[in-house]
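S.K.: A single structure is presented below for examination.
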Amino acid sequence: MTQSRRNTGSSTTKPPRLDRVDPQNLGAGYPGDLGANATVDGLEFGALVLDTFALDYATVSESVFGGVTADEAELRSVRVVDTVLDALNVPVLRAARSTWKDVVVRGSRIGSAELYESGLRALRFENCKLGFVNLRGAHLNDVLFVNCTIDELDLGQATAARVAFDGCTVRALDLQQATVSDFDLRGADVQEIAGIRNLAGVTITQMQLGMLAPALAESIGIRVED
């Protein structure tokens with residue numbers, strides 16, 4: 001599907017509703033403030049180089065991370081609110097059943113992101129390179145991807161509302177058994193879609209429709225012959 005920039009001037013598709021995330025008056029954060037079950041509130045971290053970025057079952061609020069490089073990130077069931085994550089560079093992010101609200105993730109490289117059964121609300125990804133993003137069974141509301149490259153985005157069995165892409169490339173998108181509304185793909189170059197029957201609620205351009213036509217015809221049993 002050929003990429004097309006979003007044009008919301010006359011669109012009836014509802015865009016993501018996002019507030020500015022800019023925590024102020026922060027204290028200094030140190031690696032010792034992190035860890036499973038930690039409470040991180042109102043802290044600003046400089047560049048961190050860690051073996052493990054560990055925040056399982058933690059609560060993170062109104063904080064800024066100025067760069068995290070780690071061999072792995074363990075964020076299972078973490079709750080992240082009103083927080084900015086800059087330059088998160090990890091091969092593996094394990095964050096199943098986590099909660100993200102009013103969060104900005106930018107300039108990051110994540111190989112495999114395990115976010116299944118998570119809740120994402122008012123989340124912005126900007127200038128990120130993402131490998132396999134597992135959002136199976138997740139709930140997404142008001143999520144925006146800007147200038148991102150995504151190898152595989154798995155939304156199987158997920159519920160997604162007001163999700164948009166601007167200037168993105170998505171190699172493979174899985175919507176099998178997903179329920180979506182105001183899911184705006186006009187700003188994405190999507191090369192492959194699984195779950196073609198679950199496109200109700202998706203907005204695409206006329207050019208993208210032409211690219212999808214053969215798969216749509218096949219899915220409902222239409223034979224096209226000249």
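S.K.: Which condition does residue 178 not pass, out of (1) crowded, with 23+ Cβ neighbours inside 10 Å; (2) under 21 Å from residue 85 (Cα atoms), if it passes all the others?
M.R.: The number of the failed condition is (2).
S.K.: Across the stretch 209-226, which residue is nearest to the chain's Cα centre (by Cα) among those that are farther than 27 Å from residue 11 by Cα and in a helix (DSSP H, G or I)?
M.R.: Out of the qualifying residues, it is 219.
S.K.: Could you tell me whether residue 191 is touching a residue at least 12 places away in the same chain (Cβ under 8 Å), within 20 Å of residue 205 (Cα to Cα), among the polar types (S, T, N, Q) and out of contact with any helix residue (DSSP H, G or I) (no Cβ under 8 Å at 6 or more places or on another chain)?
M.R.: Spelling it out, residue 191 is indeed touching a residue at least 12 places away in the same chain (Cβ under 8 Å), within 20 Å of residue 205 (Cα to Cα), among the polar types (S, T, N, Q) and out of contact with any helix residue (DSSP H, G or I) (no Cβ under 8 Å at 6 or more places or on another chain).
S.K.: Given the criterion modelled with pLDDT of 95 or more, among the polar types (S, T, N, Q) and not assigned by TED's automatic domain parsing to the domain that holds residue 189, identify the matching residue among 10, 63, 4.
M.R.: From the options 10, 63, 4, the qualifying one is 63.
S.K.: Condition first: aliphatic (A, V, I, L, M) and in contact with a helix residue (DSSP H, G or I) (Cβ under 7 Å, 6 or more places away or on another chain). Can you find one or more residues in the stretch 158-180 that meet it?
M.R.: For the stretch 158-180, residues aliphatic (A, V, I, L, M) and in contact with a helix residue (DSSP H, G or I) (Cβ under 7 Å, 6 or more places away or on another chain): present.
Yes/no matrix, rows are residues, columns are (1) over 26 Å from residue 22 (Cα atoms); (2) surrounded by fewer than 24 Cβ atoms within 10 Å (Cβ to Cβ); (3) at pLDDT 95 or above:
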position: 111; (1), (2), (3): yes, yes, yes
position: 116; (1), (2), (3): yes, yes, yes
position: 127; (1), (2), (3): no, yes, yes
position: 142; (1), (2), (3): no, yes, yes
position: 149; (1), (2), (3): no, yes, yes
position: 163; (1), (2), (3): no, no, yes
position: 166; (1), (2), (3): no, yes, yes
position: 170; (1), (2), (3): yes, no, yes
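The values are calculated or read from the model by the stated rules, or taken from the named source; none is laboratory data. Remember, predicted model here, so these are calculated numbers, not experimental data. Using ideal geometry, Cβ is built from the backbone for each residue, glycine included, and neighbour counts are taken over all protein chains shown.
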